[in-house]
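Novice: Sharing a structure here in structure tokens format.
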Amino acid sequence: MSEKEKDTLNEENLKPEEQSGVNQGQDAQPSDKPAAEKPAPVKTEKAAPASAKSPAAPKAGSVPPTPSPASGSKLWMVVSLVLAIVLVVVLIKPPFAKGVSSEAVATVNGEKITKDKLYGALVKVGGTQTLDTLISETLLNQELSKKGLKVTQADIDKEKAFIKKQYGDEETFQSALAQSGMSEEDFNDQMEMQAKLRKLLEPEVKVTDDDVKKYFEENKASFDTPEEVKASHILVATKEEAEDILKQLKNGADFAKLAKEKSTDPGSKDQGGDLGYFPRGKMYKEFEDAAFKLKDGELSGVVKTQAGYHIIKKTGYKAAHTATLDEKKADIKEQLIFQQLMQKAPTWLADIKAKAKITNSLEKAAASSKEESK
């Protein structure tokens with residue numbers, strides 16, 4: 001994704017037909033603020049290729065997805081495949097030791113709920129899936145050992161960096177991780193499994209220069225970035241208050257300090273009003289017209305939008321840029337290799353499972369239970 005899509009802010013900050021905000025973007029953002037709060041002109045994300053300048057920060061729900069190119073490429077589903085293949089390990093403990101299975105973990109009006117009963121319930125809910133994950137992990141370790149391969153912490157860190165890169169920054173990644181319900185430990189476990197898969201399967205993957213060039217040509221427009229402006233703003237409810245704040249700023253008051261004290265925009269006030277970079281089309285027209293006309297460091301007058309009254313300060317500018325194949329080649333190749341790895345993984349895992357001698361008592365118990373219920 002391009003730099004324009006790097007930052008993600010509040011869902012309230014949508015175009016007027018979607019919400020009560022002043023943003024003219026197209027996609028909703030996650031919100032952790034009450035809907036009643038008046039939003040500000042904050043840009044929203046739009047999915048773009050992960051191989052573009054700065055990968056998209058996807059909506060949470062599964063972690064970690066890779067961005068989806070405009071051409072309809074399947075890169076978006078790559079890590080979803082990882083999630084299907086390498087399940088996050090559910091922390092179900094092995095059967096309790098003898099003598100403690102009858103120990104109560106809770107009581108209800110004096111009646112015990114034992115550890116044994118708790119374990120049985122956990123097995124019913126997720127035992128089969130969790131055991132299958134552990135079987136897959138054991139097979140991976142055995143295959144690595146057979147081939148004399150080892151996965152180092154550096155390998156795991158590389159996988160983590162690859163996924164986090166898709167989000168553009170650590171804050172956006174952590175937000176998506178939290179919304180997915182995954183802990184940092186879950187993510188680390190998943191990345192270790194992913195590193196093992198890569199170590200075993202990458203020698204079979206072939207990505208040619210022609211593959212990279214074809215992908216670039218098919219998605220060329222999505223790699224380009226339009227001109228962008230960086231701005232901070234202070235949003236208030238009345239023109240009179242805005243004029244008073246503008247007067248204070250002209251007399252030397254600190255913009256960031258006033259934004260934190262006075263702004264009603266929950267998405268930017270804690271950052272001193274900073275909105276980051278945004279292109280045209282992401283804000284209300286009145287807001288972006290004023291922002292793009294300013295010189296670096298210059299203050300606007302009072303700008304009225306449907307969100308309220310703004311004072312805007314321009315803090316940066318980026319000219320439009322047309323991407324070249326040389327600039328994007330490494331990122332595209334990395335993504336295409338990863339895509340092939342994840343496409344090969346299901347068949348590969350199924351094959352080694354079929355050849356392995358596996359005894360699964362949970363499956364036997366489940367089959368027996370079904371027979372008894374007939």
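Novice: Mind sorting Met182, Met283 by how few other Cβ atoms lie within 10 Å of their own Cβ, fewest first?
Specialist: Met182, Met283
Novice: If you average 1/r over every pair of different alpha-carbon atoms in segment 157-245 and take one over that average, what Kirkwood value in Å do you get?
Specialist: 17.9
Novice: Taking a threshold of 20 Å on the Cα-Cα distance, which of the pairs Lys214/Lys282; Lys165/Lys230; Lys285/Lys313 fall above it?
Specialist: Lys214/Lys282; Lys165/Lys230
Novice: Moving to a separate point now. Based on other C-beta atoms within 10 Å, arrange His310, His233, His321 from fewest to most.
Specialist: His321, His233, His310
Novice: Nearest 20 debye, what's the magnitude of the dipole of segment 199-276 about its Cα centre given +1 on Lys and Arg Cβ and -1 on Asp and Glu Cβ?
Specialist: 360
Novice: Please give the FRET efficiency for Glu170 paired with Val108, using the beta carbon to beta carbon distance and R0 = 35 Å, rounded to the nearest 0.05.
Specialist: In this case the efficiency is close to 0.20.
Novice: Please list, in order along segment 228-235, the HN-Hα scalar couplings obtained from phi with the Karplus expression 6.51 cos²θ - 1.76 cosθ + 1.60 (θ = phi - 60°), rounded to whole Hz, x for Gly and Pro.
Specialist: Karplus-based 3J(HN,Hα) across segment 228-235 equals 9, 10, 10, 8, 10, 8, 10, 10 Hz.
Novice: A further question follows. Nearest 0.05, what FRET efficiency do Lys304 and Thr324 give at R0 = 35 Å with Cβ-Cβ as r?
Specialist: Efficiency for this residue pair is about 0.25.
Novice: In addition: Please compute the modelled spin-label separation between Ala256 and Ala154, points set 7 Å along Cα→Cβ, answer in nm with one decimal.
Specialist: A separation of 3.7 nm, rounded to one decimal place.
Any read-out appearing in this document is the output of simple, stated calculations on the displayed coordinates, not a laboratory observation. Fair warning: this is a prediction, and the values are worked out from it, not measured in the lab. All Cβ positions, even for glycine, are placed from backbone atoms using ideal geometry, and neighbour counts span all protein chains on display.
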